[in-house]
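Structure record follows, encoded as C-alpha cells.
Rule-based calculations on the coordinates, nothing more; no lab input. In this text the structure is predicted, and so the values were computed from the model without any measurement. No Cβ is skipped: glycine too gets one built from the backbone with ideal geometry, and neighbour counts run over all protein chains shown.
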Amino acid sequence: MSKIAIVTGGSRGIGKAAALAAAATGYDVAISYRQDRAAADEVVRQIRAHGRRGLAVAADSADEGAVVGLFAEVDRQLGPVDALVNNAGIVGRSCRVDEITADDVNRVLAINVTGCFTAAREAVKRMSTRHGGRGGGIVNISSAASRLGSPGEFVHYAASKGAVDTFTIGLAREVASEGIRVNAVRPGMIDTEIHASSGAPERVARIIPTVPMKRIGTPEEVAQTVLWLLSESASYVTGAIVDVSGGR
C-alpha cells in the first residue's frame, strides 16, 4: 500500500520541493494551495511524472473549514494520510513593531499558527493509534527567524515561528506513544519568492554576508531534511528542531 503525504502550501517554494521529494521517495502526494491553481496543477503533473498519484486542493490554512475539507478530500481520493508537512505560511508586511496593526499580526498568526494546529489536529485524528490509525509523521516548517527575531522587519512573523517551535515540542510529547513523530525544520535564507512577495526583494543580497556559508540555501536542501525526518532513518527522532540555515 502506498504511503500518502499532505503538503500544505505545496504549489511553490519549499512546499513544492517537499511535495516533489516525497513523490520521488514513493509517496502519493496531496498539496493545498490558496490562489494559484495553475502552479498547483503543475506540481501535480510533476508528482504524476514520478509515477505517483497527485492531488491539489484549494484550501486557505487560515480557514478551519477549508483545512477540514482538505483532509476529507484526501481521504476520499487517496486514502488515510501517513505524513503531513505543515508548510503553508506567510511573512506578512515588513514593518517595525511601532508601525504594525492588529490585522497584520492576526493574519500571520491565523495562517502560521492556527493553520498549523488545525492541520496537525486533522492528521493526528487519522494517524494516531489512539484513534485506530497506523502512525505517521508530521514535520512543521518553522524559520530561523524564531531564533533571530527579525527586528525592524518581521517580528510578528518571527513570533509566529517561535510558536511553531513550541507547538512542535508539545505535540511531539503528546503523541509520541501513539505512533506519531513530530519534528520541525528551521530554514534560514532560502531562494524562494517569499522575499519579493513581502515587499523586500533586496533582503537576500543584504543578508547573505551574515550567513557563515556565504550563500543562500535552496528549497531542495530543506526538502531533503524534511524527507529524512519522515523516513525510518529518523525513527527515534521526535520533538527535534533542525536548522537548515547555513550556520546563521
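Remarks
- Label-point separation in nm, residue 213 to residue 148, each point 7 Å along Cα→Cβ: 1.3
- Taking other residues whose beta carbon is less than 15 angstrom from the beta carbon of residue 162, and scoring Lys, Arg as +1 and Asp, Glu as -1, yields +1.
- Counting only alpha carbon atoms, the long axis of helix 37-49 and the longest principal axis of the chain meet at about 50°.
- Within straight-line reach of residue 3, meaning a Cα separation under 12 Å, sit the following aspartates and glutamates at least 8 residues removed in sequence or on another chain: 28, 82.
- Taking 27 Å as the straight-line reach from the Cα of residue 214, the lysines in range (excluding those fewer than 8 positions away in the same chain) are 16, 161.
- Net charge over other residues, Cβ less than 13 angstrom from the Cβ of residue 100 (K, R count +1; D, E count -1): -2
- Most fluctuating residue given options 234, 59, 119, as computed from a GNM of the chain linking Cα atoms under 10 Å: 234
- Binning the C-alpha pair distances of the range 1-133 at 5 Å intervals from 0 yields a P(r) profile of 2, 12, 21, 22, 18, 12, 7, 4, 2, 1, 0 %, listed from the shortest bin outward.
- Most mobile listed residue (233, 11, 128) in the chain, GNM with C-alpha springs under 10 Å: 233
- Rel. contact order, % - alpha carbon contacts under 8 angstrom, at least six apart, the chain: 19
- In plain terms, if you count all Cα to Cα distances in the chain and split them into 10 Å steps from zero, the share in each step is 8, 34, 38, 17, 3, 0 percent.
- Helices in the chain, meaning DSSP H runs of at least 4 residues, each add -39500 (n - 2.57). Divided by all residues, the mean residue ellipticity at 222 nm is -13000 deg cm²/dmol.
- Rounded to the nearest 20, the size of the Cβ-charge dipole of the chain about its Cα centre is 460 debye, with Lys and Arg at +1 and Asp and Glu at -1.
- Electrostatic bookkeeping for residue 150 treats Lys and Arg as +1 and Asp and Glu as -1; over the other residues with beta carbon under 11 Å from its beta carbon, the sum is +3.
- Highest-MSF residue in the chain out of 54, 15, 217 [GNM, Cα springs under 10 Å]: 217
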